[in-house]
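Following: one structure in structure tokens, then a few remarks.
Since every read-out is calculated from the coordinates, none of them should be taken as a lab result. Here the structure is a predicted model, which is why all the values come from computation and not from measurement. Cβ placement follows ideal geometry from the backbone for every residue including glycine, while neighbour counts extend to all protein chains displayed.
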């Protein structure tokens, strides 16, 4: 993977990837907000693709991320809480396994900050809270549902 960032004007930068480009407009959206959005988007693709590979459809997916950062520089992520909300025709245990597959195996961005950031998650599946502030305690991938062809390949 290769990305080039070039200064445009003021506090605007263009990021060019091997596939596309986008504008980073600081301070309208800070690089750390882009980073958190990337973490969430990576996991969101997993929550669509893993069930799809098993013959399920996820609808009304939303994931909210909340970060607590160091107060002093460097303002690293101390903790990250991810709140997953979605519907599907699957049983609750399988829906929870999809989230864990993302967190522990597929989402490269989450796994990049694991070990240095305390990560917790909640899951609301079909309107029912099935996990609440559960902690990720393992440091190794635990669930593998096979290769995914999403926007965040492993």
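Ordered by the count of other Cβ atoms within 10 Å of each Cβ, fewest first, 106, 34, 121 give 34, 121, 106. From the largest down, the chain spans 51, 35, 29 angstrom on the principal axes of its Cα atoms. Entry note, the chain: the mean residue ellipticity at 222 nm calculated from DSSP H runs of n ≥ 4, each adding -39500 (n - 2.57), is -8000 deg cm²/dmol after division by the residues and rounding to the nearest 500. Stretching the chain fully between residue 19 and residue 87 yields a gain of 21.3 nm (0.36 nm per residue, less the alpha carbon separation). When both region 1-45 and region 60-134 are represented by their alpha-carbon centers, they are found 22 Å apart.
Between residue 4 and residue 57, the simple spin-label model (points 7 angstrom out along Cα→Cβ) gives 4.2 nm. Which of 95, 44, 15 ends up with the largest GNM mean-square fluctuation for the chain, with Cα atoms connected below 10 Å? Greatest mean-square fluctuation among the candidates belongs to 15.
The modelled label-to-label distance for the pair residue 94/residue 128, using points 7 Å beyond Cα in the direction of Cβ, is 1.4 nm. In terms of surrounding Cβ atoms within a 10 Å radius of their Cβ, 9, 33 rank from fewest to most as 9, 33. Short-range pairs are left out: with C-alpha atoms under 8 Å and at least six residues apart, the relative contact order of the chain is 19 percent.
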